[in-house]
Number of protein chains: 4
Amino acid sequence: EKLNQSSASFKLLNLYGKNLILAWPDQYVKNISDESIEVAIEVKKPYVLSSNEWKKEPTIVNIGDVNIGSNKIVVAAGPCAVESEEQVETVAKAVKRAGASLLRGGAYKPRTSPYSFQGLGEEGIRILRKVGDEVGMPIVTEIMDTRDSLIFKNYVDMIQIGARNAQNFSLLREVGKLGKPVLLKRGLGNTVEEWLQAAEYILFEGNGNVVLCERGIRTFERSTRFTLDIGGMVAAKLMTHLPICADPSHPAGKRELVHSLALAAVAAGADMLLIEVHPTPEKALSDAEQQLTPESFEILMNRIKSLAKALGRDA
Amino acid sequence: EKLNQSSASFKLLNLYGKNLILAWPDQYVKNISDESIEVAIEVKKPYVLSSNEWKKEPTIVNIGDVNIGSNKIVVAAGPCAVESEEQVETVAKAVKRAGASLLRGGAYKPRTSPYSFQGLGEEGIRILRKVGDEVGMPIVTEIMDTRDSLIFKNYVDMIQIGARNAQNFSLLREVGKLGKPVLLKRGLGNTVEEWLQAAEYILFEGNGNVVLCERGIRTFERSTRFTLDIGGMVAAKLMTHLPICADPSHPAGKRELVHSLALAAVAAGADMLLIEVHPTPEKALSDAEQQLTPESFEILMNRIKSLAKALGRDA
Amino acid sequence: EKLNQSSASFKLLNLYGKNLILAWPDQYVKNISDESIEVAIEVKKPYVLSSNEWKKEPTIVNIGDVNIGSNKIVVAAGPCAVESEEQVETVAKAVKRAGASLLRGGAYKPRTSPYSFQGLGEEGIRILRKVGDEVGMPIVTEIMDTRDSLIFKNYVDMIQIGARNAQNFSLLREVGKLGKPVLLKRGLGNTVEEWLQAAEYILFEGNGNVVLCERGIRTFERSTRFTLDIGGMVAAKLMTHLPICADPSHPAGKRELVHSLALAAVAAGADMLLIEVHPTPEKALSDAEQQLTPESFEILMNRIKSLAKALGRDA
Amino acid sequence: EKLNQSSASFKLLNLYGKNLILAWPDQYVKNISDESIEVAIEVKKPYVLSSNEWKKEPTIVNIGDVNIGSNKIVVAAGPCAVESEEQVETVAKAVKRAGASLLRGGAYKPRTSPYSFQGLGEEGIRILRKVGDEVGMPIVTEIMDTRDSLIFKNYVDMIQIGARNAQNFSLLREVGKLGKPVLLKRGLGNTVEEWLQAAEYILFEGNGNVVLCERGIRTFERSTRFTLDIGGMVAAKLMTHLPICADPSHPAGKRELVHSLALAAVAAGADMLLIEVHPTPEKALSDAEQQLTPESFEILMNRIKSLAKALGRDA
């Protein structure tokens, strides 16, 4: 899509420790004599900050000791939905023992039907925070409403933007302003280019801590819940400096497929995995059919580690 | 998807002038002796309020004198984006003269790229309101953020939920609470069932004034911008009591296709059309290639009227 | 896709009564002094004969008295599969009375499963031919194998290429050589451009009597069997001189949707419709759920006629 | 889709060394007292022979010394199109040295446009046969027309059915009758269930030597040429006893992506890979942008071997 041609715009930004100036529509920012400007970018296509044309070296997103985009494949694991402190605690200990670095869990749940379990909300965040501190794991959880930004700023380590909000531009700007690490899922009807443009909204607000997460797209195929687009993930990796995550749980829809999709994503170059684990999946209040047991997760982690090693990486 | 089986829930609601009780998961609401309850609905599938199983007669959504879902095909027309008062005024007068009943225009614009024109925001709403009052047309415009609900409540006649926010459940609940007529677009990666479930969120808050709007889905075909799913629109009509609108402008992507798609939608049974018209499309700040000139819109209105007549309807 | 750059090729052709020369990859056919050559076409894109760049006037495909592409909307109707002479005769008389011009019916049936009814084959063709002659309707039926070309040449008036063979290039060449009118369905995973290139194979063999038939594409939506791509059909019409047909029966999958899709296709500009009609649809050996009864077909024909009139056409 | 209910059918078959009887629509084959019948299958769904419900152990397809479906991952490599004996010889020697077991190459080429290079046909088969014998590699090549079956029977070791002919049921039956190993590609618009039903046509003729090949499906994403459906491949593996192949070249569309897709397919459990290699890809007469150089292929083979080892397999 054509950029707005009506008038020239400029934006000053500090990103990845550099002072930038952006100008669009593309016109040479020639008269900039200010020595404090280190990079000048002409906006010739609809995403530039997330592109690897200006920033060749891969970005590493740091959350405490966890470094996403480094040689080590980072695994975030936990229940689809936070149901109780006990549930989260059981899972957190198990996944940590198996090798996961981040604790995931949904507090605000975007459910297709209003009659499905909607999550514990603020109480869910409190549980995650408590358990995360207890077991020593940073927490990742999804934001759904701009009005909740303060609670996410105060209690959450990595903020997830879900597939249904992948083009909720108000929310993207808001997490951009918060400055915290963001896990940005690809919308189920979005192209790779649109996914990078969604990331661009976050970077545009000065927040460069974005991890892109492929979670399956909508296609005609129904033997899986969504089609994990490994090719799109690899294509994205060639276009951006941002780290890439894969979520094998949602596209699988069935437990039996999760291992294979996780391994495929690692072999294709994913920097991070997001995996649903529940102490008793069959009793889960959501996504009962695709969550792994802690035992199955442990087996998967071992397979991932051996695969990573064969690829010259670590997990 | 299975409904939450963990615990029974009830909800009391006044919808379409009736006192309702909903119970889920489905279990007979047998002990209800309260005479004020007129309808008791078991939630056996993920949408029930929007289904025509309990409400057989079609719903008519009234906005002043404009009745959507009646025998008359209602046309909303106006620019993609509000650019200036003069622009909106020119278009409004022209489309009213040609037979449009509602004035559309974007103030808050969900743009794929942050470098595209983002709309005039509150100022855009003010312009729309002023022109709408002047020419005597109710206004339709898109909301993007729950934090803007007050301004929409106070100044807007029909609130649009765009395709990118079609599963922004916080926003759906919020417009549900406002009670005002809602134009709910189908998400570009959403099935008809998901679209009805999005409507369900709004009805669930007690707001029955919902018009469903088909605007094209994402498919592999690229000779058009999106694939207008006429079949899905007709399928929806067989499942719901809510009126259905079609937006021929966005799927067309090209001016040449808009007439044909508009006529096809009318022939297939659409109750409303949403059409982009700009005084000078080639200078438009957004969607330059698909907006009609006022002249072309007038020709289209005449074709719609003659088609409607042949179908035993009015336009 | 890039055309073969390795060597120049030429082809002489007589099409639509004109002597043509084609040259590819594109290079000016400048030294042609032969006066018998009326048109010289450089192949600059992967389809040129089916494009309306060289032949501006719409093509009319004539089958006896039936003219497809003229002002009159032509309707072909009949059973999905030929089951018996009696069945075909009953339907043929009914659809003729209602206004259909062509008799359709499947003798060789491309069925997804080998356990589904595979059609009567040669015997089916014989029945169609006999009934067609009796009631005075040209017949349309599908070819599946190059080895059957002789029987189609001798007994069939219009040869259908089905969606599953839309890129069976051997079969396309073969029907090109036969010279008879061809009804070319779009493949369920094919773009409009690929559809035109499939037509190009037929024209390339000197057979210009091709009608393009949109019959629904594969998308994620499942409330209909396929997604009738009205937009793609209109886009094709803008690119080609060939007449366009729509098949509302296959995408509908359900009887209730067939009328609406048929009317939508007419409103969007279809030159021809292909509709499945069965004396007792519920007993049909294939497509039981989408075939119309003769009574329902008659009602539809009346609606089509009134719609056509409103559009300045005839039916 | 419902099976034909009109009349009962039976079929006797010898498959995988067993005498079978099939009956459909499903009804117990109770009166069979013939002792020579070892397995009796009721056709309760549209594919049964290709399902792993009756044959639990995985099928191994043998082509000389090459065993597809065993612990060793089999790689078939060679040019997209046979262009000359020298070209094929160069590639064959290189890919054999690197570890490929089968030589692939197109002689009859299904090209979207009639102006693209159509392959050398019979002469191409002759070249493949000669080089295959010379270097000691069985050959895989695509059939497009039932009329060519004799030449394939006499000269080809493994017959490929391409994506465009994935539902060309006449051709499927024909290769079923030939009895030779078949590499059956999934159609670009076909579901996993339809793919298994295509295989069913071949098994139904008594030929159990079928390898299923995932080669990418049509989706809205265009950063890759097709979307390699790793999830669909894994889902198929859970449903069938037949070995599964992946073609990473066609979905990639770009050389840079081929390695990652190949590794992902191996990690997900593919039994075989089909990879395009050309001595000078940039000069190739087809698929110039996705063919690997022999050097790049050798690097890929080494990565595949190390990955296979980590997975407890061999390559």
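Summary of values
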| item | result |
| --- | --- |
| Residues with amide H under 5 Å from that of B:I159, placed H, sequence gap 5 or more | B:V182, B:L183 |
| Inter-chain Cβ neighbour average for residues B:11-22, partner chain, 10 Å | 0 |
| Charge dipole (the range C:61-310, unit charges on Cβ, about Cα centre) - positive-most of C:V135, C:P79, C:P243 | C:P243 |
| Distance between the range C:249-315 and the range C:77-155 - C-alpha centres, whole angstrom | 18 Å |
| Amide hydrogen neighbours beyond the local backbone of D:V277, cut-off 5 Å, H modeled | D:G78, D:C80, D:L292 |
| Cβ neighbours within 10 Å from other chains - mean over D:159-167 | 4 |
| Across the identical copies, how the B:L150 labels are spaced - nm, sorted shortest first, 7 Å along Cα→Cβ | 1.5, 8.6, 8.7 |
| Relative contact order (%) - the range C:68-142, alpha-carbon pairs under 8 angstrom, separation at least six | 35 percent |
| Teacher prompt: D:E134 distances to equivalent labels in other copies, 7 Å Cα→Cβ, nm | 6.4, 7.1, 8.2 |
| For the range D:160-233, size of Cβ-based charge dipole, Lys and Arg +1, Asp and Glu -1, in debye | 320 debye |
| Averaged over A:45-54, number of beta-carbon atoms from partner chains that fall within 10 Å | 2 |
| Karplus (6.51, -1.76, 1.60) ³J(HN,Hα), θ = phi - 60°, over the range D:147-156, in Hz, Gly and Pro reported as x | 5, 9, 4, 5, 5, 5, 4, 7, 10, 10 |
| In order through the range D:52-61: 3J(HN,Hα) via Karplus (6.51 cos²θ - 1.76 cosθ + 1.60), integer Hz, x for Gly, Pro | 8, 6, 9, 10, 6, 6, x, 7, 10, 9 |
| Electrostatic dipole magnitude of the protein assembly as shown [Cβ: Lys, Arg +1; Asp, Glu -1; Cα centre; debye, to 20] | 0 debye |
| Prolate/oblate/rounded label for the protein assembly as shown (Cα gyration tensor, a/c 1.5) | rounded |
| Karplus-derived 3J(HN,Hα), 6.51/-1.76/1.60, for each residue of the range A:267-281, Hz, glycine and proline x | 4, 7, x, 4, 8, 8, 10, 10, 10, 7, 10, 9, x, 9, x |
| Rounded, prolate or oblate (a/c below 1.5 giving rounded, otherwise prolate when a/b exceeds b/c) for the range B:61-310 by Cα gyration tensor | rounded |
| Nonlocal amide H pairs with A:G121, under 5 Å, H built at 1.01 Å | A:Y108, A:K109 |
| Rounded, prolate or oblate (a/c below 1.5 giving rounded, otherwise prolate when a/b exceeds b/c) for the range D:49-122 by Cα gyration tensor | oblate |
| Helix D:85-98 vs. chain D, principal-axis angle (Cα, 0 to 90°, nearest 10) | 80 degrees |
| Helix axis angle, B:192-204 relative to chain B longest principal axis, alpha carbon, degrees | 70 degrees |
| Value at 222 nm in deg cm²/dmol, rounded to 500, when DSSP H runs of n ≥ 4 in chain A each add -39,500 (n - 2.57) | -10000 deg cm²/dmol |
| Theoretical FRET efficiency, 1/(1+(r/R0)^6), r = Cβ-Cβ of C:R126 and A:S306, R0 56 Å, to 0.05 | 0.30 |
| Estimated inter-spin distance, D:L238 and B:E89, nm [label 7 Å along Cα→Cβ] | 6.4 nm |
| No Cys partner within the rule (Cβ under 4.7 Å), chain C | C:C80 |
| Value of relative contact order over chain B, rounded to a whole percent, pairs C-alpha under 8 Å and six or more apart | 18 percent |
| Inter-label distance, nm, simple model (7 Å from Cα along the C-beta direction), A:K177/C:R222 | 4.1 nm |
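Bear in mind these aren't lab numbers, they're just calculated from the coordinates by the rules spelled out. A quick note: this is a predicted structure, and the numbers were derived from the prediction, not measured. Heads up, the Cβs are rebuilt from the backbone with ideal geometry, glycines too, and the neighbour counts pull from every protein chain shown.
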